[in-house]
Every structure is written in structure tokens, then in C-alpha cells.
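Encoded as C-alpha cells, the structure appears first; notes follow it.
The values are calculated or read from the model by the stated rules, or taken from the named source; none is laboratory data. Remember, predicted model here, so these are calculated numbers, not experimental data. Counting neighbours? That spans all protein chains shown, and the Cβs are built from the backbone with ideal geometry, glycine included. Just the protein is used for accessible areas: all its heavy atoms, side chains included, with ligands, DNA and RNA removed. Shrake-Rupley method; radii C 1.70, N 1.55, O 1.52, S 1.80 Å.
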Amino acid sequence: MSAIQTSCLSDKDVVQVKSEGPKLVPFFKATCVYFVLWLPTSSPSWFSALIKCLPIFCLWVFLLAHGFSFLGAHSSARKILAGLIFSALGDAFLIWQEQGYFVHGLLMFAITHILYSSAFGMKPINVRAGLVITAVSALCYLLLYPYLSGPFTYLVAVYIALIGFMGWRAIAGLQLTNDLWTWTKLSACLGAVLFIVSDLTIAVNKFCFPVPHSRAIIMATYYAAQMLIALSVVECQDAEVSRKRT
């Protein structure tokens, strides 16, 4: 692809990104509501669960706003939507984590990562990215291991493997060294990294030691991650056509 073609494609990508902005307004408003209300976690309720899940509900609407034909034609979009549904369930369970529902939330997010991994696909493989993510995941588990006990010794290991795999598939899809990269792939990559940061902060704060401003860090990175992952399934039709011709 020539420099002129690449520049033209970039301009179209910018237009595509801008066109998605209005559809995300409800998500941004719901996120602001969550941070403005900042309901205490010490008194969980269905109202606090609703406020926490509301931005994720808005991302459901964001995907549905592209039409059922879009969802029907893109299996990755359907999988991301399913992942967002399980994420909302996980958020609701974690509202009552002190009442014994932390494992339930962990399970919901584990399913989410499986769905996201499937949405990102297995091509290209990108062995180097896989090795880096494996090393980082192993290091994270080694740091957490001394603080884990009982079933969490194994549950955390499985969860780290799943989110690490999801991160690998998102990062592997970003090919910056050629003309195949798109802003949707970049969005998936950034979203996966932020999701890992959010969950790692949860783990350190819960099992190791209190992290200053942990809730703000966890929720800011989490909402940003989910938004970026939802954006990653918005296809640029011109880019699709270009790839099919090559």
C-alpha cells in the first residue's frame, strides 16, 4: 500500500472514530454518575449495583445501536456483547464480595475473558507477544502466591492464565510493522492492557496490601478497558475491503 493510500485510510479511520462518539455519550454520562455518586462499598445494595453496572449497560446499547444485522454478520461483536453481559453479572456479584460472592464475580469475569479471547481470534499467533505475556503473568502470580491460601491458590492461577491469554490475543492482533493495523486493533490492545491493570490492582489490594486510591484506579481503568474493547468490534468497511483485496 502506498503512502497516499495509507494516509487516506488513516483519514477514514479518523472519520470512523468520530462517528462512534455520539453513540458513547450515554456511557460517559453513566460513568460520571458512578464517580459523582461514589456510593460507599460498606453498604451494598441493588441501587449501588445498578449504578456500578450502568456504564456496562450503556455499552450493550452502544453495540446494539449498530443494528442486529451488524451483530449477525460479526461473530466477534456478538462475543464482545456476551462478554459485557457476564461483566455486568460479575460487577453485581462483586458489590456483595464481602458477603461471600467474590468467587462468583471471579467466575463471571473468567467467562468474560474467554469470550473476549475468542472474539480477538487466534490469528496471527505472534509467539513473541505470547512469551512476554506468559512471563508477565507468571511474575504476577509469583508475587501474589505468598499471600494466597486455600482455593484462591488455584483460582487466582487459573484467572491470571485466562486474562493473560486474553491480553495475548488482543496484543497479537496489533501489527504495527505493516499496513494491516487498524484503530480497532489498537483499541482492543489498549483495552486488554487496562483490564489487566484493573484486575491486578484488585488482586494486590485484596490479597497483599491496601493500594492507595485503589477503587478509583480499579474502576477508571476497568470502564476505559470495557469501552475500548467494545470499540474494537466496530469495523471500518473500507479497511475490510482493502484487506480482502490483498
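Details
- With all protein chains in place and ligands, DNA and RNA left out, the 1.4 Å accessible area ranks H66, H104, H213 as H213, H104, H66, largest first.
- Solvent-accessible area of I163 with every protein chain in place, 1.4 Å probe, in Å² to the nearest 10: 10 Å²
- Dipole moment magnitude, nearest 20 debye, the chain about Cα centre, only Lys, Arg, Asp, Glu C-beta charged: 220 debye
- Mean shadow area of the chain, taken as a quarter of the surface of its Cα convex hull (nm²): 13.9 nm²
- The chain, relative contact order in percent, only Cα pairs under 8 angstrom and at least six apart counted: 18 percent
- For E20 and T134, the difference between the fully extended length at 0.36 nm per residue and the C-alpha to C-alpha distance is 37.7 nm.
- Span-rule helices in the chain, defined as complete DSSP H runs reaching 20 Å or more along the axis (Cα) with Kyte mean at least 1.6: 46-64, 127-144, 152-172
- In this simple spin-label approximation, W96 and A161 carry label points 7 Å from Cα along the Cα→Cβ vector, and these lie 3.0 nm apart.
- Just the protein heavy atoms count here, and of the accessible area of the chain at 1.4 Å, carbon and sulfur take up 72 percent.
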